[in-house]
1. Most exposed first by the Cβ proxy, i.e. fewest other Cβ within 10 Å, how do Val314, Val44, Val164 rank?
2. Give the relative contact order (percent, whole number) for region 157-214; include only Cα pairs under 8 Å separated by 6+ residues.
3. How far, in nm, would the chain grow between Arg161 and Arg63 when pulled straight, counting 0.36 nm per residue and subtracting the alpha carbon separation?
4. How large is the dipole of the chain about the Cα centre if only Lys and Arg carry +1 and Asp and Glu carry -1, each at its Cβ, rounded to the nearest 20 debye?
5. With axes computed from alpha carbons, what is the tilt in degrees of helix 119-131 against the longest principal axis of the chain, rounded to the nearest 10 within 0 to 90?
6. Quote the relative contact order of the chain in percent (integer), defining contacts as alpha-carbon pairs under 8 Å separated by 6+ residues.
7. Using Cβ contacts closer than 10 Å as the measure, can you line up Val339, Val135 from fewest to most?
8. Can you tell me the Rg and Dmax of region 224-302, counting just the alpha carbons, in angstroms?
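What follows is calculated from the coordinates using simple rules that are stated; it is not laboratory data. The structure displayed is predicted, hence computed values, not measured ones. Methodologically, a virtual Cβ is constructed for each residue, glycine included, from the backbone with ideal geometry; neighbour enumeration extends over all protein chains shown.
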Amino acid sequence: MGVCRSLVANDPNLTVYEALRLLRILKDGTTIGGIACKMKVLSVMAALGFLYYRGLLEVDGERLTVRLPSKVEWNVKSLVELEVRGAVYALPNAEMFEDALRKRDMGIIYEFSQLPINRDSLMRKFAFMQSFQDVDGKEMIFVGDDDFLSVTCSLLGRPKRVVVVDLDERLLEGIGELSKKYGLDIETFKHNLVHPLPEELQGSFDTFCTDSPHCLGGILLFVSRGASALKQGTETAGYFVFQTVNEPLLMEFETRQKLLRLITNEMNGVIQGMLPASIKYITPRNEDEKLMALLLEATKMQSLEEYYRYVKKVLKPSSKFIEFYPEFSMEASMITRVVFRDPKPLIEGEYDKEAERRYGPIYSWTIIERYTAREK
Ligand SMILES: C[S@@+](CC[C@H](N)C(=O)[O-])C[C@H]1O[C@@H](n2cnc3c(N)ncnc32)[C@H](O)[C@@H]1O
């Protein structure tokens, strides 16, 4: 810990707790992109370097994995590990769940900001929602669902009605096929959320779930559409996700402040439950390859100090993802539960030029493209 701190001065999430979690993950072996923790990428790389130079890291360049050698004794269980294990062991319909994950693996469309969450995050999200009684017996709507959370909730819980709205026909088909195969009765609607929800879906649900694009406009739009689907005059709940680290182009402190203010003041929502460090996205394989190539090059250095200097120099240009999100932590999002009684969507009509002027574009890549165009 001390050594990593001396190398990376400014990562507030470089804590003993996160370091323990990292060791726990490394015990089982993982790709670098598969490491889930709140620390910045740079801090994780510093920690990997530290372990490597102490002879405590096995690096497998072929399989793209890093792990602690088996001789290391380990008897600390992290809270997160226990939490997830509990949910997984209790998992009914395990085979069907695996089948759903296979079907979900269809390649992402960057233009739709797709980036599915991993298996553990799906479980945690389901467990979190279930713990608030927002699944069983409820009418649920999924506002965008590349995660297949609708299928997870249907397989593991007992919702009364499940509807998925998305623009991507491929995933609606996939969800439809699983629904048919396992008798889940999931309804799918192809719909572009820049337009208001179809009349028939408005005002009729108890719970909405969304993992929107990670920028102010995107979150406000998807949450608004979710809120428009909720019943009026009774307590209902919505789930959304937002970044909790400062990311200069997408989510600064002030953006988070504005987002939560608008949801509570303008949309009549009450924030009632947050699960920190709760979502890990599946890193595309080519990003994993780049991180591994970098680690292999860097570990040719003679000392940890040289290793770290090298990593710092080449990390940013090494990958599009890290170039765009240099401050991104490896597990950046917080699942947030908002309770409504009289939901009032902030965006009611089209997401038009006026909305965009106020809240910004819906997609993070639009923001990034504009930014890079301005820089040129
Ligand atoms: C926006 S992605 C979330 C990914 C992740 N949170 C991120 O920011 O990288 C969630 C889902 O929304 C869908 N989606 C994106 N834009 C949409 C739109 N305009 N209308 C309907 N669904 C959309 C995607 O197909 C995907 O399944």
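1. Fewest-to-most ranking of Val314, Val44, Val164: Val314, Val44, Val164.
2. Averaging sequence separation for qualifying contacts and normalising by length gives 34 percent for region 157-214.
3. Length gained between Arg161 and Arg63: 31.1 nm.
4. So the dipole magnitude of the chain works out to roughly 1040 debye.
5. It is inclined by approximately 50 degrees.
6. Relative contact order, the chain: 20 percent.
7. Least to most surrounded, the residues fall as Val339, Val135.
8. Taking only Cα atoms of region 224-302, I get Rg and Dmax of 19.4, 66 Å.
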